[in-house]
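Asker: Structure incoming, see below.
The numbers here are math on the coordinates, done by the rules we state, and not lab data. Every value quoted in this text rests on a predicted model; they were computed, and no experiment measured them. In this analysis, Cβ positions are derived from the backbone assuming ideal geometry, glycine residues included, and neighbour counts consider all displayed protein chains.
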Amino acid sequence: MSTSTHKNNAYWKKNIQYISILLSLWFTVSFGCGILFVEQLNSIQIGGFKLGFWFAQQGSIYGFVIIIFTYIYLMNRLDNKLNKDN
Amino acid sequence: MELQYWIWIAVGLSFSLYIGIAIWSRAGSTKEFYVAGGGVHPIANGMATAADWMSAASFISMAGIISFSGYDGSVYLMGWTGGYVLLALLLAPYLRKFGKFTVPDFIGDRYYSNTARSVAVFSALIVSFTYIAGQMRGVGVVFSRYLEVDIVTGVLIGMGIVLFYAVIGGMKGITYTQVAQYCVLIFAFMVPAIYISFLITGNLVPQLGFGGVDANGVYLLDKLDGLHKELGFHEYTSGSKSMFDVFCITMALMVGTAGLPHVIVRFFTVKKVSDARKSAGWALLFIAILYTTAPAIAVFSRTNLIETVSNKPYEHMPYWFEKWETTGLLGFKDKNKDGLIQYTADTATNELEVDADIMVMANPEIADLPNWVIALLAAGALAAALSTAAGLLLVISSAVSHDLLKKMVMPNISERGELIAARLAATGAVCLAGYFGINPPGFVAATVALAFGLAASSFFPVILLGIFSKRVNKEGAISGMLVGIFLMLFYMLKFKFGWFGGGTKADWWFGISPEGFGTIAMMANFFVTITVTSMTPAPLKEIQQLVENIRKP
């Protein structure tokens with residue numbers, strides 16, 4: 001196996017790792033906090049919001065935006081590293 | 001100034017802007033026509049995607065629907081935004097790297113088969129047509145409500161405008177008009193929202209005013225929960241649907257978003273892979289501005305509505321009440337003849353019928369905003385409907401001229417010939433969409449869910465597996481797509497249209513509504529694709545190389 005294939009495999013592995021972590025966050029903020037555990041979280045009130053309801057109608061969307069921009073940041077860093085190595 | 005003048009000015013100005021952009025951005029090659037030349041800036045593409053994505057329904061109806069369903073409305077908020085995470089992480093960068101023009105392009109090449117390509121073209125056409133008919137109808141409705149022309153004239157004007165910039169400019173024209181349309185629609189949506197938020201809660205940011213207090217220092221959401229209980233509705237902040245169904249609907253909408261061809265194709269228009277990721281992020285940010293404001297508007301207008309009408313004498317209603325009564329969006333019938341308006345959950349005693357659309361449309365009047373804001377709202381609603389229609393139109397025309405004609409029927413067609421075919425296909429598609437806009441088939445509303453379910457059950461699994469697995473082959477993909485589509489069609493036809501013996505809510509499989517069934521059909525697609533693949537030979541070396549290649553940055 002050539003070194004460049006090796007580097008590409010390492011790149012892909014790292015990418016999969018980022019994706020898995022970020023997708024579990026994606027699941028947690030929406031399906032977790034907004035749907036599956038909404039009743040439990042609704043017993044906590046922050047300001048005028050019940051927490052579960054807030055996640056379902058606001059928090060999950062903010063979460064999605066943060067997740068994508070985190071991925072952009074991580075992948076740009078990874079791309080730069082790969083370019084430097086080559 | 002008179003309201004009608006303001007509206008003609010706002011609509012006239014925005015339309016001339018779109019036409020000006022179209023003339024400036026004429027498409028000269030098929031690459032420009034299909035993917036805007038592939039050099040769109042990620043922020044511009046993010047705006048265009050956002051405008052493409054947010055339809056007349058998002059703009060006019062969504063806040064109202066949430067307003068009436070409370071927590072249950074969250075399925076739309078999460079479902080229509082969460083798909084962008086899937087796009088950014090799982091699909092967009094790799095499809096950009098693959099670097100062709102359409103979704104069937106990818107499926108046909110990755111699964112080395114024209115059968116797979118045909119199935120993809122078929123699905124893309126069904127999904128896009130069900131969607132575009134609704135958009136043209138939306139254009140007609142907005143025209144008829146604001147400009148007092150009849151729906152047919154409204155649809156014809158809308159068709160003329162879309163035809164002009166989509167046929168001349170192709171994706172290039174569409175992209176830059178969509179950027180302008182995003183600016184118009186978001187401005188039009190936010191101005192009344194900020195105003196009303198300030199009026200009710202004293203907070204200029206609707207997203208914060210949403211959790212704020214009213215003039216008496218009571219939390220708005222607590223007050224609304226209380227009002228709902230009093231009138232017999234379910235509590236606003238908790239739902240009436242089963243948790244499992246909410247889960248399935250949200251998942252189907254998210255995955256459907258990520259599988260919709262007119263959304264995916266937007267990511268072919270940027271320069272490089274990292275730009276595809278970036279523009280997905282920008283698109284979601286631009287969409288989130290509207291999607292986090294809509295639930296706040298829902299709460300403001302719901303509280304306002306109940307407080308204004310409930311148990312109040314009919315003759316003391318503000319002037320907008322009567323105005324919207326004449327349009328049929330509000331209806332009052334004094335059943336017990338006491339002169340008061342009883343608004344309750346019980347249909348036997350309820351005296352007020354409210355159309356969901358009124359929550360956004362009547363906002364400026366309820367808040368006593370100047371006429372130019374109402375005019376702005378009309379221009380915004382038209383921008384939302386037109387931008388989505390144009391995006392869909394492009395998918396339809398490229399499916400015909402590129403995927404069918406160039407890739408299958410006439411592979412030797414010249415560049416010029418293909419461009420002419422693309423323009424003809426776009427023209428044909430506008431006319432067909434206009435026809436459905438004027439004579440809406442009864443199934444339009446019901447089939448929007450079908451479009452998402454179909455996209456989720458056909459495209460998403462095979463694109464995802466095509467990128468993340470080198471082993472998946474054409475036998476698996478074709479059987480998976482077919483099982484997914486037909487299972488979804490079967491369920492929709494059975495429970496939405498009463499075919500195959502029909503059925504009621506009690507007969508739903510595992511209690512899943514047709515809207516949420518895309519989740520099950522998608523899992524069936526995954527299961528069939530993987531099972532069939534494991535029993536048939538692996539794809540050739542070249543295909544595995546292709547997959548290897550799209551994974552590199």
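Asker: How large are Rg and Dmax for the range B:1-64 when only the alpha carbon atoms are used, in Å?
Answerer: 15.9, 47
Asker: Can you give the local net charge around B:LYS223? Use residues other than it whose beta-carbon is closer than 13 angstrom to its beta-carbon, Lys and Arg +1, Asp and Glu -1. Walk me through the numbers on the way to the answer.
Answerer: Numbers: positive: B:LYS229, B:ARG302; negative: B:ASP214, B:ASP222, B:ASP225, B:GLU230, B:GLU235, B:GLU307.
In short, -4.
Asker: Kirkwood Rh over alpha-carbon pairs of the protein assembly as shown, then Stokes-Einstein at 37 °C and 0.692 mPa s: what D in µm² s⁻¹, rounded to an integer?
Answerer: Calculated translational D: 130 µm²/s.
Asker: So what's the angle, to the nearest 10 degrees on a 0 to 90 scale, between helix B:42-53 and the longest Cα principal axis of chain B?
Answerer: Tilt relative to chain B: about 60 degrees.
Asker: Taking the convex hull of the alpha carbon atoms in the range B:107-178, what volume per residue do you get, in Å³?
Answerer: 106 Å³
Asker: To continue, here is another question. With the Cα gyration tensor of the range B:437-553 in hand, give its eigenvalues times 5 under a square root as the equivalent ellipsoid semi-axes, listed largest first in whole angstrom.
Answerer: 33, 16, 11
Asker: Hey, what angle do you get for helix A:3-27 against the long axis of chain A, alpha-carbon based, 0 to 90 degrees rounded to 10?
Answerer: The helix A:3-27 is inclined about 0 degrees to chain A.
Asker: Beyond 21 Å, how much of the Cα-Cα pair distribution for the range B:208-318 remains, as a whole percent?
Answerer: Tail of the P(r) past 21 Å holds 59 percent of the pairs.
Asker: Any of A:LYS81/B:LYS474; A:LYS84/B:LYS407; A:LYS81/B:LYS278; A:LYS13/B:LYS278 with alpha carbons more than 29 Å apart? Name them for me. Don't skip to the answer; put the middle values down first.
Answerer: On the way: A:LYS81/B:LYS474 35 Å; A:LYS84/B:LYS407 39 Å; A:LYS81/B:LYS278 18 Å; A:LYS13/B:LYS278 21 Å.
From A:LYS81/B:LYS474; A:LYS84/B:LYS407; A:LYS81/B:LYS278; A:LYS13/B:LYS278, over 29 Å: A:LYS81/B:LYS474; A:LYS84/B:LYS407.
Asker: If only Cα atoms are counted, what is the Rg of the range B:88-222, and what is its Dmax, in Å?
Answerer: 22.0, 67
Asker: When the expected Rg is taken as 2.2 N^0.38 Å, what fraction or multiple of it is the alpha-carbon Rg of the range B:270-412?
Answerer: 1.59
Asker: Relative to the longest principal Cα axis of chain B, at what angle does helix B:273-309 sit, 0 to 90 degrees, rounded to 10?
Answerer: Approximately 20 degrees, to the nearest ten.
Asker: Under 8 Å for C-alpha pairs, at least 6 residues apart: give me the relative contact order for the range A:14-75, rounded to a whole percent.
Answerer: RCO, the range A:14-75: 37 percent.
Asker: If you add up the charges near B:PHE233, with Lys and Arg at +1 and Asp and Glu at -1, over every other residue whose beta carbon is less than 11 angstrom from its beta carbon, what do you get?
Answerer: -2
Asker: Further question: Which three extents, in whole angstrom, do the alpha-carbon atoms of the range B:17-116 cover along their principal axes, largest first?
Answerer: 47, 41, 25
Asker: How are the C-alpha pair distances of the range B:181-258 spread across 5 Å bins, as whole percents from the shortest bin up?
Answerer: 3, 13, 13, 13, 16, 18, 16, 7, 1
Asker: In debye, nearest 20, what is the charge dipole magnitude of chain B about its Cα centre with +1 on Lys and Arg Cβ and -1 on Asp and Glu Cβ, if you could check? Each step should come with its number before you reach the end.
Answerer: Working: 37 positive and 36 negative charges, 561 e Å.
That gives a dipole near 2700 debye.
Asker: Do you know the relative contact order of chain B, to the nearest whole percent, from alpha carbon pairs under 8 angstrom that are 6+ apart?
Answerer: The value is 28 percent.
Asker: Would you mind counting up the charge near A:ILE21? Only other residues with Cβ under 14 Å from its Cβ, with Lys and Arg at +1 and Asp and Glu at -1.
Answerer: Within the 14 Å Cβ shell, the charges total +2.
Asker: May I ask you to sort B:SER458, B:SER25, B:SER14, B:SER118 by Cβ crowding, counting other Cβ atoms within 10 Å and putting the fewest first?
Answerer: B:SER118, B:SER25, B:SER14, B:SER458
Asker: Compute the whole-percent fraction of alpha carbon pairs in the range B:341-408 spaced more than 14 Å apart.
Answerer: 75 percent
Asker: How big is the range A:21-80 by Rg and Dmax over its Cα atoms, in Å?
Answerer: Computed over the Cα atoms of the range A:21-80, radius of gyration and Dmax are 13.7, 46 Å.
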